[in-house]
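Here's the structure, in structure tokens; my notes come after.
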Amino acid sequence: MQTVCRGRGAGRGAGRSVGRRSWRRLALAACVVLLASSVSAQKAGAPPGKWRPARRVHPDSVVTEEEAYDLERLRTIGYLSGSEPVPDRTGITLYKRGRTYDGLNLYISGHFPGAILMDMNGNVVHEWRFEFERAWPDYRTEQLSEDTTGYWMEAYVYPNGDLLAIFGGLGLIKIDKNSNLIWKYMGGCHHDLEVLDDGTIYVLTREEKIFPAWNPGHPIRDDAVTVLSPEGEELERISLFEAMVRSPYANVLMGPGVRMATKFGDIFHTNSVEVLDDRIADRVPAFRRGNVLVSLRTLNLVGVVDLERREFVWALSGMWNAQHHPTMLGNGHMLVFDNRGGDNGSRVIEFDPATQEVVWVYEGNEEHPFYSEKSGANQRLPNGNTLITESNAGRVFEVTADGEIVWEFLNPARAGDEDQFIATLFEMERLPADFPLDWLR
Amino acid sequence: MLARRCGAARVRAAAAAVAGLVFALVLVSSVAPARAGGDDGSSVTSPPGRWRAARPRPASSAGELTEEQREEIERLRSIGYLTGTEKAPAVSGVTVHDRARAGGGWNFYTSGHFPGAVLMDMDGKVLHEWRRDFLSVWPDRGDDAEIEGAQSWRCAHLFENGDVLAVYDGLGLVKLDKNSEVLWSFPEAAHHDVEVLEDGTIYVLTRRAHVVSRVNPARPILEDFIAVLDPDGRKTREFSVLEAFERSRYSNMPACMSWRRYGDIFHTNSIEVLDGSLADRLPGFAEGNVLISMRTLSLIAVIDMEREEVVWALTGLWLAQHQPVPLPSGRILVFDNRGADGLSRVIELDPVTQEIVWEYSEPRRDRVFATEMCGANQRLPNGNTLITESDAGRAFEVTPGGEIVWEYLNPERASGRVELIATLFEMVRLPPDFPVEWSHGG
């Protein structure tokens, strides 16, 4: 096993600085939640969709003479508004052939309600697009606290080119390869879905609910795992709040974050779902086939839910903060995108869920900053590399087990007078090399 | 048989007479501070030390009483309790003893009524007592002597020759001989728990109230430390539990989980040295690492003593817990103070799978096993579990099937607005072959 510990010196000084950061982050997070200011302020001037200020200087780019001049100019004049250079390189910015796991890349971006299929060189080989208004023309979007109709939050491509897409907090659509609507399901779908071999769909949904014993005053957002037939009919809806309350882990609801989150409604902020197989059930029975692995961002908790008993049967927290996308690997380990837990921002960790041993970490550093406050995704590739989506930075990169970046993509979708906004890249998925592509012809 | 029934009837009548008032008080005290003395559990009318409202004896178990117990009941009734307005709980001392099924040995405990410890046999006969007033250890610490921690021993460790280590909670650690003469004293703020290794090295929890600006620049915190002392009480090492978190991959834990960023942010309340028996399944549980419990975070964690870094942590299955102890079976026993729907329970957990393989709790309708503070548990060689329900002044031994085969109620009572029972911090069962010939009664 490789262990990469970038910037995590064994010295106490490093440890202290982490603590300092952690405490500050708590205060910061509270401010963000309370004021909801940073994002909206940053977003002023951005077009509809999901955008972030673009990272100023691309760390991996070779600095040209012009860029060097610009950099020097910037150093001397300071960072006045409108004076920053925009990274001039977008699309594929790094490709070390022979060291990557090659395949087509499916991704969704905050700039449009669609998905893009792209090869390793950045050539778009297919696009899907379907506007929210076409699926639900009568929906009154002004009711939304955040307009999520302008982009997809999650997409899944079938071997025949059909595709499932989520409008965050709203609905799920299935379209064919030519973006014709096959069916739609309006069930408060959000964040993530999973399709089983038999076509059954597991999707996160949510609805505003009042649980009299918990929140008599105002509704909370009750996240659920909803099971749909391949035709989009709702078969079952398992409330995650109820699953927590009836589980031995109900005590986590006494935690400080939960009471605060209750006030704001988004009590769990469940952001991923994965259906488990039996690969580690012999070591940890909670991970039996058919149970689901979920990530609860508000609680900083990764948990397993037994859908039959409708209760949490395993839970872990402490190693990550506002995490995303826990996913089981072939070796029985778990990969987690830890948004705010790293020394240098975000990190991706691989650990053994039975022993809590961390066997691999990818963190950024000064040269390669890596931070996504929200969203984020990770995928272990068959050759051992890891594809990491740094969503807010609009960046995706493939790293080797040694932490070397061998492929990188920067979202070309920019906006603003100075192109200062980069569209959030929610998730990129590398399709397997043998993924059928005959439907493309 | 008739006498037995009469006894039962009397007890039932007595219980009924006080049920309304006292039961209500017990309920309240398990949820909210029902006492006027603040959050330390003492009432304005309680004597120095650590006291709780005594629980009425449930009528259902009164039929089990022995002759001696009934006599005890009568005696307690007849003497009354000074203020005279509240009836005393019916029984005290050893109230249940199933000789066939209870384990043998000696019981060593500390109680809130005095700065000392008691060694007692299974029948409740006191073999030996230690006692050392705080001021006689540290004569120039008059102000500290007023603190509750000076009035009792939160924890004690008994050596085979009758020496004891005793913790004055938050104030100091002292080693006494069997005659309670001071061998040495360690005047720093030891608290809650002490462990002695085979070579005589001592691990003790300590703490410091001070401002740690990276946590909170304005308000002080109580920072917990693990201190290592040599057998003669000299501190050889000390490190911060907070820093052990910060330098670990669990650095998010304090920030994510604390209710507040001031005061008693961790409330570390136990330390156990691991023997490595779990290390093949859980490398974090390597020999020499320590298992600690942090009440504020409802978290238990393992710290690597060499790297002074947290290497394993678990939360979620308990609330305000005490005394996680590793068992030879590879499991962990945890005293979960408030996780059973607000009541207490003891659970045996597989730390690899998070499965709860055994649990002892008492349904609300029958009895109420609940201690808001403190609490301890010990797995005995016969498979039974000795549980200390501290606030209730009760220790009892249960079989794996959950049957109580031995029970002890702290006889130390005090009159007050309601009758109070002294907190029983922790009872430890020593094996039958533990040498006690040095004791007064041995």
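The values are calculated or read from the model by the stated rules, or taken from the named source; none is laboratory data. This one's a predicted model, so the numbers in the text were calculated from it and none came from an experiment. Positions of Cβ are backbone-derived with ideal geometry, glycine not excepted, and every protein chain shown enters the neighbour counts.
General observations
- Of B:395, B:313, all but one fail to be of a type in the set (Gly, Ala, Ser), within 14 Å of another protein chain (Cβ to nearest Cβ) and closer than 19 Å to residue B:270 by Cβ; the exception is B:313.
- Of all the numbered requirements in (1) within 14 Å of chain A (Cβ to nearest Cβ); (2) in a loop (DSSP other than H, G, I, E, B); (3) more than 13 Å from residue B:265 (Cβ to Cβ), residue B:219 misses one, and that requirement is (3).
- Scanning the stretch B:241-254 for any residue that is in contact with a helix residue (DSSP H, G or I) (Cβ under 9 Å, 6 or more places away or on another chain), surrounded by 24 or more Cβ atoms within 10 Å (Cβ to Cβ), in a loop (DSSP other than H, G, I, E, B) and more than 9 Å from every other protein chain (Cβ to nearest Cβ) turns up nothing.
- The stretch B:132-159, residues that are closer than 16 Å to residue B:182 by Cα and touching a helix residue (DSSP H, G or I) at 6+ places or on another chain (Cβ under 6 Å): B:134, B:135, B:150
- The stretch B:291-305, residues that are at pLDDT 95 or above and either out of contact with any strand residue (DSSP E or B) (no Cβ under 8 Å at 6 or more places or on another chain) or at the interface with chain A (Cβ under 10 Å from one of its Cβ atoms) (or both): B:301, B:302
- Only one of the numbered conditions (1) crowded, with 23+ Cβ neighbours inside 10 Å; (2) touching a residue at least 60 places away in the same chain (Cβ under 8 Å) is violated by residue B:178, and that is (1).
- Among the residues of the stretch B:306-349, those that are out of contact with any strand residue (DSSP E or B) (no Cβ under 6 Å at 6 or more places or on another chain) and not in a strand (DSSP E or B) comprise B:306, B:307, B:317, B:328, B:329, B:330, B:341, B:342.
- One residue stands out in the stretch A:324-371 among those that are within 14 Å of chain B (Cβ to nearest Cβ), at pLDDT below 95 and not in a strand (DSSP E or B): the one that is surrounded by the fewest Cβ atoms within 10 Å (Cβ to Cβ), namely A:344.
- Complete set of residues in the stretch A:234-252 that are surrounded by fewer than 20 Cβ atoms within 10 Å (Cβ to Cβ) and aliphatic (A, V, I, L, M): A:235, A:245, A:250
- Residue count for the stretch A:401-421, restricted to those that are in contact with a Phe, Trp or Tyr (Cβ under 7 Å, 6 or more places away or on another chain), within 18 Å of residue A:116 (Cβ to Cβ) and among the aliphatic types (A, V, I, L, M): 1
- Boolean, residue A:315 is over 19 Å from the mean Cα position of the chain (by Cα) and within 28 Å of residue A:242 (Cα to Cα): yes
- In summary, residue B:193 fulfils each of the numbered conditions (1) surrounded by fewer than 21 Cβ atoms within 10 Å (Cβ to Cβ); (2) touching a strand residue (DSSP E or B) at 6+ places or on another chain (Cβ under 7 Å) with the single exception of condition (1).
- Which listed residue, of A:297, A:288, is at pLDDT below 95 and either out of contact with any Leu (no Cβ under 7 Å at 6 or more places or on another chain) or crowded, with 16+ Cβ neighbours inside 10 Å (or both): A:297
- Close pairs (9 angstrom Cβ cut-off, 6 or more residues apart or separate chains): part of a strand (DSSP E or B) in the stretch B:159-170, of a type in the set (Asp, Glu) anywhere: B:164/B:177; B:167/B:193; B:168/B:144
- Sole exception among (1) in contact (Cβ under 8 Å) with a residue 40 or more places away in the chain; (2) within 14 Å of chain B (Cβ to nearest Cβ) for residue A:432, by number: (2)
- Qualifying residue in the stretch B:208-224 (condition: closer than 27 Å to residue B:287 by Cα and either surrounded by fewer than 21 Cβ atoms within 10 Å (Cβ to Cβ) or not acidic (Asp, Glu) (or both)): no
- Listed here are the strands (runs of 3 or more DSSP E) enclosed by the stretch B:382-442 that have at least 1 residues being among the acidic types (Asp, Glu): B:385-389, B:394-398, B:404-409, B:424-430.
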